[in-house]
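**Student:** Submitted below is the structure of interest, expressed as C-alpha cells.
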Amino acid sequence: ETSSLLHSCDEILVLLDGTQAIEEQKKFLENLIEKRGLKNKKIVWVINKAEDLKGNFGLLKISAKEGINLEKLKEVVWKNLGLIRVYTKSPGKPKDLPALALPRGATVKDVAKELHKNFLKNFKYARIFNQTKFSGKKVGLNYQLNDLDVVEIHAE
C-alpha cells in the first residue's frame, strides 16, 4: 500500500503543478500528509512547469521540460538523505566509478568493510585524496570521510 511505502521512505518529494493554483494544491497535500502521519518526514516541496510562474512561494521552482533548476533539485534531495559520495582507488590507478554512497560521518573502516573483509583484517593505512592541501595524506581506520573523498586502502 502507498501509505506504508511513504512511512518507510527516507524523504518525500511533493511535486506541485505550476499551471494550477499553488496554494490550493499545497494546502490539500499538507492536510493529506498530516492525516497519514507523515509530518515528521523530510519533505521537499517542488513546483514543476514553473517557467512562467510569477511570485515566490518559498518552494523550489523547476521546469522538467526546460531543464531549469534540476541540478538544484538533485542537490537538495541528496543533502536531505544525509549521504556522502566516497570513491575508492587502487595505488597508482585512477579512482573507481561509481562512488560508494555512505552515511554522513562514515569512516575509512566503513569503506574497508564495504569492499572486503580482508581489507579490514589486513589494514595498514589509507591515503585520502581530495581538494585540500592535505590531499594524499596517510590516515587510519577512524578517519572521518567527507563528500567526494577518494580512499586508497593499503593492506598487507
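The values are calculated or read from the model by the stated rules, or taken from the named source; none is laboratory data. All values reported here derive from a predicted model rather than from experimental measurement. Please note: Cβ atoms are built from the backbone with ideal geometry, for glycine as well, and neighbour counts cover all protein chains shown.
**Student:** Of the numbered conditions (1) touching a strand residue (DSSP E or B) at 6+ places or on another chain (Cβ under 7 Å); (2) among the β-branched types (Val, Ile, Thr); (3) in the same structural domain as residue 46 (by TED's automatic domain parsing), residue 111 satisfies every one except a single condition; which is it?
**Tutor:** So residue 111 meets the others, but not (3).
**Student:** Sticking with this one: Could you list all residues from the stretch 56-109 that are acidic (Asp, Glu) and over 19 Å from residue 136 (Cα atoms)?
**Tutor:** 66, 71, 75
**Student:** With 15, 29 as the choices, which residue is assigned to a strand (DSSP E or B) and either touching a strand residue (DSSP E or B) at 6+ places or on another chain (Cβ under 9 Å) or of a type in the set (S, T, N, Q) (or both)?
**Tutor:** After ruling out the rest, the residue left standing is 15.
**Student:** List, please: which pairs have Cβ atoms under 9 Å, are six or more places apart or on different chains, and start with a residue in the stretch 79-105 that is surrounded by 10 or more Cβ atoms within 10 Å (Cβ to Cβ) and end with one that is aromatic (Phe, Trp, Tyr) and part of a strand (DSSP E or B)?
**Tutor:** If the second residue must be aromatic (Phe, Trp, Tyr) and part of a strand (DSSP E or B), the pairs left are 87/129; 89/129; 95/87; 95/129; 96/87; 99/87; 100/87.
**Student:** Follow-up question, since we're still on this one. Give the residue, chosen from 129, 134, 123, that is without any contact (Cβ under 8 Å) to a residue 12 or more places away in the chain and either among the aromatic types (Phe, Trp, Tyr) or at positive phi (or both).
**Tutor:** Selected residue: 134, the only one of 129, 134, 123 that is without any contact (Cβ under 8 Å) to a residue 12 or more places away in the chain and either among the aromatic types (Phe, Trp, Tyr) or at positive phi (or both).
**Student:** Shifting gears a bit: Does residue 68 meet the test of being under 21 Å from the mean Cα position of the chain (by Cα), in contact (Cβ under 8 Å) with a residue 40 or more places away in the chain and within 30 Å of residue 9 (Cβ to Cβ)?
**Tutor:** Considered against the rule, which asks whether it is under 21 Å from the mean Cα position of the chain (by Cα), in contact (Cβ under 8 Å) with a residue 40 or more places away in the chain and within 30 Å of residue 9 (Cβ to Cβ), residue 68 comes out as no.
**Student:** Write out, first by first residue and then by second, each pair whose Cβ atoms fall under 6 Å of each other, whose residues are 6+ apart or on separate chains, and whose first residue, in the stretch 8-26, is on the phi < 0 side of the Ramachandran plot while the second is of a type in the set (Gly, Ala, Ser) and modelled with pLDDT under 95.
**Tutor:** Note: pairs meeting the criteria are 18/50.
**Student:** When you go through (1) of a type in the set (Asp, Glu); (2) closer than 23 Å to residue 145 by Cβ; (3) surrounded by fewer than 16 Cβ atoms within 10 Å (Cβ to Cβ) one by one for residue 110, which number turns out not to apply?
**Tutor:** Failed condition: (3).
**Student:** Also, I was wondering about something else. Quick one: count up the residues across the stretch 45-65 that are surrounded by 16 or more Cβ atoms within 10 Å (Cβ to Cβ), basic (Lys, Arg) and over 21 Å from the mean Cα position of the chain (by Cα).
**Tutor:** Selection size over the stretch 45-65: 1.
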